[in-house]
1. Within segment 232-266, take every residue that is part of a loop (DSSP other than H, G, I, E, B) and under 15 Å from residue 222 (Cβ atoms) and give me the one that is modelled with the highest pLDDT.
2. Output the residue which, of all residues in segment 51-77 that are more than 29 Å from residue 32 (Cα to Cα) and without any contact (Cβ under 8 Å) to a residue 24 or more places away in the chain, is farthest from the chain's Cα centre (by Cα).
3. Looking at 30, 9, 20, which is the one that is crowded, with 16+ Cβ neighbours inside 10 Å and not in a helix (DSSP H, G or I)?
4. Which residues, taken from segment 225-266, are among the aromatic types (Phe, Trp, Tyr) and in contact with a Lys or Arg (Cβ under 8 Å, 6 or more places away or on another chain)?
5. Just checking, does segment 136-155 include any residue being modelled with pLDDT of 85 or more and assigned to a helix (DSSP H, G or I)?
6. Would you point out the residue of segment 214-230, among those that are buried (at least 18 other Cβ atoms within 10 Å of the Cβ) and at pLDDT 80 or above, that is farthest from residue 167 (Cα to Cα)?
7. What number of residues within segment 78-100 are closer than 20 Å to residue 250 by Cα and in contact with a Cys (Cβ under 9 Å, 6 or more places away or on another chain)?
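The values are calculated or read from the model by the stated rules, or taken from the named source; none is laboratory data. Being a predicted model, the structure only gives us computed values, none of them experimental. Glycine also receives a Cβ, built like all others from the backbone with ideal geometry; neighbour counts cover every protein chain displayed.
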Amino acid sequence: MRTVYIDVLITVNIFIDFFLILCTKKFLHLGTSMSRIILGSVIGGIFSLAALLPKLPFGINIAFDTVTACVIVFSVFGKSNIKNYIKRVSVYFLISFTFCGIMIFIYTSFKPAGMEIYNDTVYFNISPIVLIILTLACYYILKIIKRLTKGVNGGGICNVEIITSERVITFKAKIDSGCNVKEPFSGNYVIIAEEELLDGYKPKAENTRIIPFTSLGGEGIIHGFCPKKIKIDGVEINGVYVGICKNIIKSEVRALIPYEIIKNTK
């Protein structure tokens with residue numbers, strides 16, 4: 001390896017990890033603060049000092065990369081159940097692996113001056129403009145992959161804002177073409193949300209409806225209510241119910257919204 005400047009090594013990898021974390025956040029639709037993203041980026045920059053170690057065996061290298069991913073993911077997104085934590089680490093690890101693969105391709109194909117890859121750590125002794133261009137190129141490649149994946153899976157995420165007489169509740173919901181739950185008397189569609197998303201809010205008994213469902217991996221009933229107002233991505237929708245469930249939706253996004261509701265907002 002040529003001469004490596006530690007300040008450049010750390011700064012470059014802070015910048016790269018910042019975009020890797022953003023990609024992970026967007027892929028999984030997770031919420032976190034900018035200060036946590038910066039913290040995770042700095043941790044990633046510090047871990048990049050592994051490039052100064054003797055060349056590591058493949059197994060140790062993978063183990064080190066996995067530990068790095070675990071620490072960064074926990075510092076950025078906080079604690080969660082083990083299943084979601086493994087999912088977050090896996091996505092971050094795969095995005096990092098993809099980025100590294102793109103960099104290796106650029107390195108082996110074009111041999112750009114000042115670029116080195118050692119112990120899976122990317123080092124650029126190049127101008128900031130070139131660094132920004134390369135990183136943004138990787139970011140948009142990953143974004144295109146996400147769009148293609150989204151097209152295959154037929155999903156999407158929207159912001160839901162529930163307005164009641166007492167408070168305003170906001171959360172993200174996954175658009176699901178297979179979710180066709182309706183309030184039985186009015187025939188209006190129902191947004192299914194885990195109880196935890198409502199942050200302790202409970203509708204008055206006289207406003208509660210019993211709603212049967214068959215599209216959430218089984219059959220049963222949930223309690224629902226019709227809020228004063230509902231906004232989907234800022235667009236107000238009338239006559240939509242919210243069904244409250246508990247431990248039914250097993251994913252990062254803990255709410256489902258029927259595609260028919262979204263179609264009517266376009």
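1. The extreme case among them is 240.
2. Only one residue tops the list, namely 54.
3. Working: 9 fails: not in a helix (DSSP H, G or I); 20 fails: not in a helix (DSSP H, G or I).
30 is the lone residue from the list that is crowded, with 16+ Cβ neighbours inside 10 Å and not in a helix (DSSP H, G or I).
4. 225, 241 - these are the residues of segment 225-266 that are among the aromatic types (Phe, Trp, Tyr) and in contact with a Lys or Arg (Cβ under 8 Å, 6 or more places away or on another chain).
5. no
6. Ranking the candidates gives 222 first.
7. Result for segment 78-100: 4.
Okay, residues lined up against (1) of a type in the set (D, E, K, R); (2) without any contact (Cβ under 8 Å) to a residue 40 or more places away in the chain:
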residue	(1), (2)
169	no, yes
174	yes, no
183	yes, no
197	no, no
242	no, no
